[in-house]
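Since the structure comes first, as structure tokens, the remarks are kept for the end.
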Amino acid sequence: MLNSRLSIPGFCKPRKFLLTRFAATFLLAISSLPTGAYDDQDVGVLRATNNCPNCDLAVLNSVPFLALERLPLLVRRFLEKVLPMKLPGANLEGADLSYAQLDRAALGQANLEGTYLYKATLRGANLSNTNLQHAYLGQTHMNNVSLRSSNISGAYLNEAILRGGNLKQAVLSGSSLYRTNLIGAQLQRAQLESTNLVLSNLSFADLSYANLSSAILWQADLVAAKLVSSNLRDTSLRGANLTRANLMKADLRNSDLTGAHLNGANLVNSNFTDAILRGVDFSSFQMIFPVKTKLSGADFTRADLRNTNITRVQLSNSILCHTKTPWGIDSAGC
């Protein structure tokens, strides 16, 4: 009697079927690739002159209908190993790479100090442990870039897009990130002291244990940002939106939160000693300051605390001037 499985048209054993599917997907991936992952002539120009504005050095930047992320893991790893523009450890100090296409490029540990990357695209690129001191990265597109442990101090990143980027332990001291998009970025233990973050979007970003001392975050968007144990001492957060932000154990001593929004923020064990909280509005959310929140010496001039439970909080030496409190307008400190 014939085996019933063999009589089924098109039947093949599971292992053979998987191998056939893998081979078919691999061939489809290869056939879908452009003739070159990047322009060899552009690479030659870059190596010869250290400058290459408008270069196309992107990896798989024009795969017609096959998204790299949808490929099987083994195929994806093979393509990323064989095709990327690899310049790890390269010395590109002062190079002009404005408008360059560097998507998925491997530039880890490279020297890009003072490099001009205006409006370049570096989506998914690996720039970990890279020297980018004083680099010009204005309006660059760097979604999901890896800048982990990189030195970006004194750099210009105004209006750059770093959404979802990995900047863990990166050094950004003294850099300018005006109107920069850092939504969902990973900035744990990053050094951001004296950094310009005016009007930047840091919503849902993770800044746990980050150093933001003396940084300027005027009207920055920090909605649902994670700032656990972060150093915000002497930081200016005037008009910043910290709605639902996690400020647990954050150090906000001497910080300026004039007109900031703290509705629903987690302030457990945070330190607001000598902070300026003028005009801060807590009225639209039932706010409860935890017992260990430190508000000694804080300036609550014209703040709205009507829906805030501060009965168990130490307010010694705090300034209440035209302050709306649960017991009425308090002007004792004017």
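Each of 142, 248 was scored by other Cβ atoms within 10 Å of its Cβ. Arranged with the fewest first, they read 248, 142. For every other residue with a beta carbon closer than 14 angstrom to the beta carbon of residue 177, add +1 if it is Lys or Arg and -1 if Asp or Glu, then tell me the sum. Residues close to residue 177 contribute a combined charge of -1. Which log10 I(q)/I(0) values, to two decimals, does region 110-185 give at q = 0.20, 0.22, 0.23 Å⁻¹ under the Debye formula with one point per Cα? Values, matching the q order: -0.72, -0.90, -1.00. Near residue 140, once Lys and Arg are set to +1 and Asp and Glu to -1 for all other residues with Cβ below 11 Å from its Cβ, the sum equals +1. Overall form of region 168-236: rounded. Here a/c, set by the Cα gyration tensor axes a ≥ b ≥ c, is under 1.5.
Extent of region 109-251 along its three principal axes (Cα atoms, max minus min coordinate, largest first): 36, 23, 21 Å. How would region 176-290 be classified by its alpha-carbon gyration tensor: rounded, prolate or oblate, with rounded meaning a/c under 1.5 and the a/b versus b/c comparison settling the rest? It comes out rounded by the Cα gyration axes.
Readers should treat all values here as calculations from the given coordinates under stated rules, not as data from a laboratory. Keep in mind that this is a model prediction, so the values were computed, not measured. Using ideal geometry, Cβ is built from the backbone for each residue, glycine included, and neighbour counts are taken over all protein chains shown.
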